[in-house]
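Okay, structure first, notes after.
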Amino acid sequence: MPLFMDVHRNLEGVTAEALRAAHLKDVDVQERFNVQYHKYFFNQATGTAFCLAEGPDAAACHAVHRESHGLIADDIIEVQPELVEAFFATTRYDDVGAAVTIDGRPDGALRVIMFTEIANYTEVARADEDEAVRLLQCHDRVVRAVLAERGGHEVRHTGEGIMACFSSVSAAVNAAAAIQQRCRSQGGASAGHHPVLRIGMSAGEPVEQHRDLFGAVVNTARRICEAAEPGQILVSAALRELGLGKATRFHRVGERLLKGIEEAQVLYDVEWRSEHAVREAGEPPLRRAADVVRGLWGELLRRRVVKVAVAYGIVLFAILQVAQLTLEPLGLPAWSYTLVLVLGLLGLPLALVLAWAFDVTPAGLERTATAAARDSGSG
């Protein structure tokens, strides 16, 4: 039977537990309609959910939702099983079929699509076809090795490059940088050529305005790759927004009109050169140190350590003012004020450590996710 993916939008306020209960209701009634709901994805932040179901037609899949809980999908498309496998090959599922990240949080189905292309392939092929073959083999070997290391998955070979998919923005950007760095360092071919790559990336959800799986995201990533200069990594504005706050540096290239895309796209260049390559280019050591400091400062802000430090300082100052006014009238010894001050200062490092390690949520204290783990949950 055909395989379908539907999308439920505007689910703000719906919890993962509520969606799990709705999915179980689908399972309870699906046999009546000759439908099987296999898996589902949930992005609580954007209020969207995606369900994978096998059935005779889209109407039967809608009927299951209508009968079980009344949450009718906003859209539904037929998908090819091999494409589902390609885009979600590394996805994990819990006992009822909910897609989850490595740390057990809901997987929102957002994916990063990457295209690589060997910019110097045609030039090398004109001079030596055997050398061009070796160039392609070098590219394939490097890209596939990095995908295996960084949690990416090859969707297909394009002839002069590879289309790949990631569930994590950080993993995708880091993989692109690693691919460029390794290809640059490869002798690769006997004449000393190495693959000079264009890389383009975009990010998005499975079902958008196009009625094929990740259609808009794939088309955008492919066109961005075509627009890239040799040796460049270009990304969409959407991917850059998801990548903010990481150690990666993005540089605005500007608006570009891309083939087959109506609106002009704002593109960003990813700085990928290794520290060794940057040093060769003459970047001052102070600039590299400043980058490290900026990265640390961004992580302190993300984990709310700075806010906690400021709040702690204000509260401690207020306590000291009260102590100064009340300790003497209460008849307490003079050293009591010093004791309050010392205890307050000793408590500051503990407060900062707790702020770094934990978040306060409605469910209580939870460990703060790393940047990479957070990306996995948002794609």
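Worth a mention:
- Of T116, T90, all but one fail to be touching a residue at least 60 places away in the same chain (Cβ under 8 Å), surrounded by fewer than 18 Cβ atoms within 10 Å (Cβ to Cβ) and touching a Gly at 6+ places or on another chain (Cβ under 9 Å); the exception is T90.
- Test: residue in the stretch 10-28 that is polar (S, T, N, Q) and surrounded by 14 or more Cβ atoms within 10 Å (Cβ to Cβ): no
- Of everything listed in (1) in the same structural domain as V217 (by TED's automatic domain parsing); (2) aliphatic (A, V, I, L, M); (3) under 23 Å from R9 (Cβ atoms), the single unmet condition for V133 is (3).
- Number of positions in the stretch 257-269 that are touching a residue at least 40 places away in the same chain (Cβ under 8 Å) and not in a loop (DSSP other than H, G, I, E, B): 2
- Residue ID - farthest from Q186 (Cα to Cα), chosen from residues in the stretch 127-160 that are crowded, with 19+ Cβ neighbours inside 10 Å and among the aliphatic types (A, V, I, L, M): V155
- One residue stands out in the stretch 121-176 among those that are of a type in the set (V, I, T) and in contact (Cβ under 8 Å) with a residue 40 or more places away in the chain: the one that is nearest to F214 (Cα to Cα), namely V155.
- Check on V112, more than 25 Å from R20 (Cα to Cα), outside any helix (DSSP H, G or I) and within 30 Å of the chain's Cα centre (by Cα): yes
- Residues within the stretch 29-56 that are surrounded by 15 or more Cβ atoms within 10 Å (Cβ to Cβ), closer than 16 Å to D74 by Cα and not aliphatic (A, V, I, L, M), tallied: 8
- For the stretch 215-254, filtering for residues that are of a type in the set (S, T, Y) and within 16 Å of M163 (Cβ to Cβ) leaves 2.
The values are calculated or read from the model by the stated rules, or taken from the named source; none is laboratory data. Since the structure is predicted, the reported quantities are computational estimates derived from the model, not experimental observations. Cβ sites come from the backbone with ideal geometry, for glycine too, and all protein chains shown count toward neighbours.
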